[in-house]
Amino acid sequence: MKPSGKLYLIPTTLGDTTNNEQAQQNNPMDVLPQTVRRTVEFIDDYIVENEKTARKFIKSIAPEKVQATLCLSALNKHTAVSEYNKMIQPCMEGKNVGLMSEAGCPAIADPGAAIVKLAHEKGIQVVPLVGPSSILLAMMASGMNGQGFTFNGYLPIEKTEKKNVLKNLEKLSSDKNQSQIFIETPYRNNKLLEDILQALQPSTHLCVAADITLPTEYIKTLHVADWKKVTVDLHNRPTIFIIHKM
């Protein structure tokens, strides 16, 4: 029997470093180890969220790779579960497959987790590669409790429900001495910050970490009371929010 291929979890950059002014200041390989480049160079089958941006990323770190040889399968919220087996079929045929997120590490706050689970069920070896995780980098830079923390994903959109969730997270943070991490769709960041400052107690710590690893990186931890004196525009900037109530 032919040995199965491996599923490589390939990290990407945390922002677009491929075709604009930002790209001139920030080379992808400044934040990615050479292992990522070498892995991309020998894999032709990929599972990605967006084919266009994935091809652009591959070209940016492995410009000599022939794009015509690539076979990309799209994995996003519109992908039917019935398609998952087809995506990892190349592994069953002895080929290696790369799983990539739109930003950062695959399978962390990312639909790729379902593919990783299926790979384990099929006996396929899963190989995670080192790369930037906005969640961990924000936690590292926050100065908050790194021994106990929880990632909560997206908060509710509706204002009253969001306020209640924020207050519950604040209480949980205090009761368990636990940092609470969450995110928002980038174009709603300013509204979320406004809601946080309205809902939480003045003494609660808040870390805002935006554009991590990019030239425009902004990371600051202050009490809620002090954040009310700060003006910052987070619109369309990938941002991690962390709260901790002592």
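Measure out, as a whole number of angstrom, how far apart the alpha-carbon centroids of segment 178-239 and segment 96-164 sit. So the separation of the two Cα centres works out to 19 Å.
In this model, which of Lys159/Lys245; Lys52/Lys159; Lys191/Lys229; Lys77/Lys162; Lys52/Lys162 are farther than 28 Å apart at the alpha-carbon? Over 28 Å apart, Cα to Cα: Lys52/Lys159; Lys52/Lys162. By the count of neighbouring beta-carbon atoms within 10 Å, fewest first, Phe149, Phe42 end up ordered Phe42, Phe149. In segment 7-128 the Cα-Cα distances spread across 5 Å bins starting at 0 as 2, 11, 23, 25, 20, 11, 5, 2, 0 percent of all pairs.
Seen from Pro63, the other residues with C-beta closer than 13 Å to its C-beta sum to a net charge of +3, counting Lys and Arg as +1 and Asp and Glu as -1. Given a 10 angstrom Cα cut-off, can you work out which residue in Ile108, Ile157, Ile43 is the most mobile in a GNM of the chain? Of the options given, Ile157 has the highest mean-square fluctuation. Ranked by how many other Cβ atoms sit within 10 Å of their own Cβ, fewest first, the residues Glu49, Glu83 fall in the order Glu83, Glu49. Expressed as a fraction of 2.2 N^0.38 Å, the C-alpha radius of gyration for the chain is 1.11.
Taking a ≥ b ≥ c as the square roots of the Cα gyration tensor eigenvalues, segment 134-244 comes out rounded, since a/c falls below 1.5. Only Cα pairs under 8 Å and 6+ residues apart enter the sum, and on that basis the relative contact order of segment 83-224 stands at 18 percent. Based on Cα contacts under 8 Å between residues 6+ apart, the chain shows a relative contact order of 22 percent. Residues Met100, Met246, Met92, arranged from fewest to most other Cβ atoms within 10 angstrom of their Cβ, appear as Met246, Met92, Met100.
Once both labels are positioned 7 Å from their Cα atoms along Cα-to-Cβ, the gap between Glu64 and Asn236 label points is 3.7 nm.
Computed from the coordinates by the stated procedures, all read-outs in this text should not be read as laboratory data. Worth saying up front: this structure is predicted, and the values here are computed from it rather than measured. Note that each Cβ is placed from the backbone with ideal geometry, even for glycine, and that neighbours are counted across all protein chains shown.
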